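The values are calculated or read from the model by the stated rules, or taken from the named source; none is laboratory data. Keep in mind it's a predicted model, so treat the numbers as computed, not measured. Positions of Cβ are backbone-derived with ideal geometry, glycine not excepted, and every protein chain shown enters the neighbour counts. What goes into the accessible areas is simple: the full protein's heavy atoms, side chains included, and nothing from ligands, DNA or RNA. Shrake-Rupley method; radii C 1.70, N 1.55, O 1.52, S 1.80 Å.
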Amino acid sequence: MNLLSSLTQHVIEKNPNEPEFQQAVKEMLESLEPVAELHPEWIDAGIFDRIVEPERQIIFRVSWIDDNGVVNVNRGFRVQFNSAIGPYKGGLRLHPSVNLSIIKFLGFEQTFKNSLTGLPIGGAKGGSDFNPKGKSDREIMRFCQSFMTELSKHIGADTDVPAGDIGVGGREIGFMYGQYKRLRNEFTGVLTGKGLSYGGSLARTEATGYGMCYFVEEMLKATENSFKDKTVVISGSGNVAIYGAEKAIQLGANVVALSDSDGYIYDPAGIKLDTVKKIKEVNRQRISEYVKYHPTSKYHKGCSGIWTIKCDIALPCATQNEINESSANALISNGCIAVGEGANMPSTPEAINVFLKSKILFGPAKAVNAGGVATSALEMSQNSIRYSWTFEEVDNKLKAIMSDIYMKTSNAAKEYGFEGNLLAGANIAGFIKVADAMYSEGIAY
Ligand code: NDP
Ligand code: 2IT
């Protein structure tokens with residue numbers, strides 16, 4: 001039976017210029033066929049038709065003045081996708097490529113990822129086509145203040161709680177939080193990823209990368225394997241890549257490569273993370289600087305070459321569609337045994353087919369990178385009770401959440417006839433909770 005293929009077609013026709021959104025919906029609905037067969041009442045209640053349409057989309061002008069006194073105009077977005085199981089929750093991305101398609105795909109996936117965490121958070125995403133590269137701190141501040149001036153009308157600690165994503169880290173969250181507080185005269189947990197001095201949670205900075213490794217370690221454990229002594233390649237050199245590398249190294253792996261959008265570094269002796277943190281977090285420089293500190297390492301221009309490095313474990317942590325079919329084939333022919341998606345939708349559908357057919361361990365983004373938003377939800381909890389847990393307390397909760405997500409995902413895969421396919425398992429397990437809540441809450445939204 002193909003209960004959902006006409007809906008996929010409808011979404012493609014209704015959203016013609018949104019390839020990333022179409023890709024995310026198509027992948028999801030393909031996994032949900034057996035769920036639709038078992039739940040005719042969800043079809044009758046229009047759950048599938050409703051879940052692919054955002055509850056609300058806000059697009060706004062962001063004008064700001066640069067250091068030369070020139071007026072700049074960017075486009076801001078917040079797509080509030082689904083609030084069935086909790087207040088909207090999801091990051092903000094600042095990158096010149098940002099458009100409605102990208103924010104919608106991210107908001108759609110966030111809904112199911114957030115459901116997998118087991119915590120009460122709905123799905124949303126936002127951002128702007130603003131390019132933070134090369135901007136001064138004051139320019140970043142003026143942009144963030146202008147962005148928040150409009151965004152503040154649509155968010156709130158019990159309504160919608162944004163956080164970071166590409167181009168948004170502690171500095172940007174601080175500027176946005178300050179502006180929200182000025183405008184509203186209230187000190188609430190309206191953003192997560194805040195600094196530790198004003199309500200942030202310990203371990204939130206590390207959470208996405210650490211959580212990714214906890215999930216991948218669970219996948220490896222199921223085949224009596226582990227990170228120990230494995231060669232690991234990680235793309236990106238931002239928040240997720242750096243803390244993913246840190247945890248992989250702590251678990252005994254040798255991380256040999258990192259990248260940015262210009263190229264990648266290869267250090268067979270093992271990447272020195274202190275150097276990377278200094279280059280990326282303190283100096284905000286390009287990853288190519290690394291070879292100046294470690295002359296035995298090599299820098300290569302272009303990012304896709306990173307997937308031709310021989311490795312046991314590949315962790316894409318940069319951006320969507322960064323692994324295509326030929327990169328996936330290169331990984332497999334070099335003996336890669338596991339892929340864990342730290343980024344959102346980093347593998348193209350063709351690459352995913354290669355991974356699933358080859359029967360390597362494949363951890364899908366919605367499950368693998370859910371530790372970031374899960375810890376954001378723990379930050380919300382701490383803000384609500386006006387209390388802070390220790391690093392160890394938060395990290396232990398994160399570990400338990402990632403292990404629970406692995407169990408839910410692999411069990412759902414088995415139950416619905418996709419044994420071993422964690423992509424289908426994550427899609428199904430994430431969907432069921434949201435669908436059940438939507439069904440209970442009635443049709444009118
Ligand atoms: P950062 O901005 O900290 O780092 C992004 C990294 O990816 C940079 O190295 C950047 O290189 C690279 N990158 C970005 N765009 C491209 C591109 N088009 N091509 C090649 N490389 C690119 O972001 P994060 O580490 O926070 O996010 C990385 C991924 O993880 C994203 O997909 C994000 O959605 C996802 N994610 C993030 C979470 C979080 O908590 N931060 C949680 C869950 C998922 P350059 O400097 O050259 O742009
Ligand atoms: O994609 C993601 O899950 C994030 N960027 C983190 C979102 C959050 O609210 O912490």
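Residues of the range 307-332 that are among the acidic types (Asp, Glu), assigned to a loop (DSSP other than H, G, I, E, B) and either under 19 Å from GLY252 (Cβ atoms) or away from ligand 2 (no atom under 16 Å from the Cβ) (or both): ASP312 alone. The residue of the range 144-177 that is farthest from ligand 2 (Cβ to nearest atom), among those that are surrounded by fewer than 18 Cβ atoms within 10 Å (Cβ to Cβ) and acidic (Asp, Glu), is GLU150. For the range 311-359, filtering for residues that are touching a Pro at 6+ places or on another chain (Cβ under 8 Å) and of a type in the set (Ser, Thr, Tyr) leaves 2.
Within the range 72-89, being within 24 Å of ARG142 (Cβ to Cβ) and out of contact with any Asp or Glu (no Cβ under 8 Å at 6 or more places or on another chain) holds for VAL73, PHE77. When GLU206, GLU218 are screened for being in contact with a helix residue (DSSP H, G or I) (Cβ under 6 Å, 6 or more places away or on another chain), among the acidic types (Asp, Glu) and farther than 20 Å from GLY91 by Cα, only GLU218 passes.
When ALA257 is tested against (1) away from ligand 2 (no atom under 16 Å from the Cβ); (2) outside any strand (DSSP E or B); (3) of a type in the set (A, V, I, L, M), only condition (2) is not met.
Please find, among GLU109, GLU150, the residue that is within 13 Å of ligand 1 (Cβ to nearest atom) and either in contact (Cβ under 8 Å) with a residue 40 or more places away in the chain or more than 30 Å from ARG286 (Cβ to Cβ) (or both). Of the residues listed, the single one that is within 13 Å of ligand 1 (Cβ to nearest atom) and either in contact (Cβ under 8 Å) with a residue 40 or more places away in the chain or more than 30 Å from ARG286 (Cβ to Cβ) (or both) is GLU109.
Annotation note: of VAL232, VAL216, the sole residue that is surrounded by 20 or more Cβ atoms within 10 Å (Cβ to Cβ) and outside any strand (DSSP E or B) is VAL216. Answer yes or no: is there a residue in the range 317-330 that is within 14 Å of ligand 1 (Cβ to nearest atom), of a type in the set (D, E, K, R) and open to solvent by 30 Å² or more (accessible area, probe 1.4 Å). Yes. Of the listed requirements (1) within 30 Å of LYS135 (Cβ to Cβ); (2) open to solvent by 40 Å² or more (accessible area, probe 1.4 Å), SER259 misses just one: (2).
The number of residues in the range 368-394 being farther than 23 Å from GLY199 by Cα and either more than 11 Å from ligand 1 (Cβ to nearest atom) or at pLDDT below 95 (or both) comes to 0. Of the residues making up the range 368-399, those that are within 25 Å of PRO316 (Cβ to Cβ) and either within 13 Å of ligand 2 (Cβ to nearest atom) or not charged (D, E, K, R) (or both) are VAL368, ASN369, ALA370, GLY371, GLY372, VAL373, ALA374, THR375, SER376, ALA377, LEU398. Of the strands (runs of 3 or more DSSP E) lying entirely inside the range 25-143, those carrying at least 1 residues that are of a type in the set (Ser, Thr, Tyr) and surrounded by fewer than 17 Cβ atoms within 10 Å (Cβ to Cβ) are 56-65.
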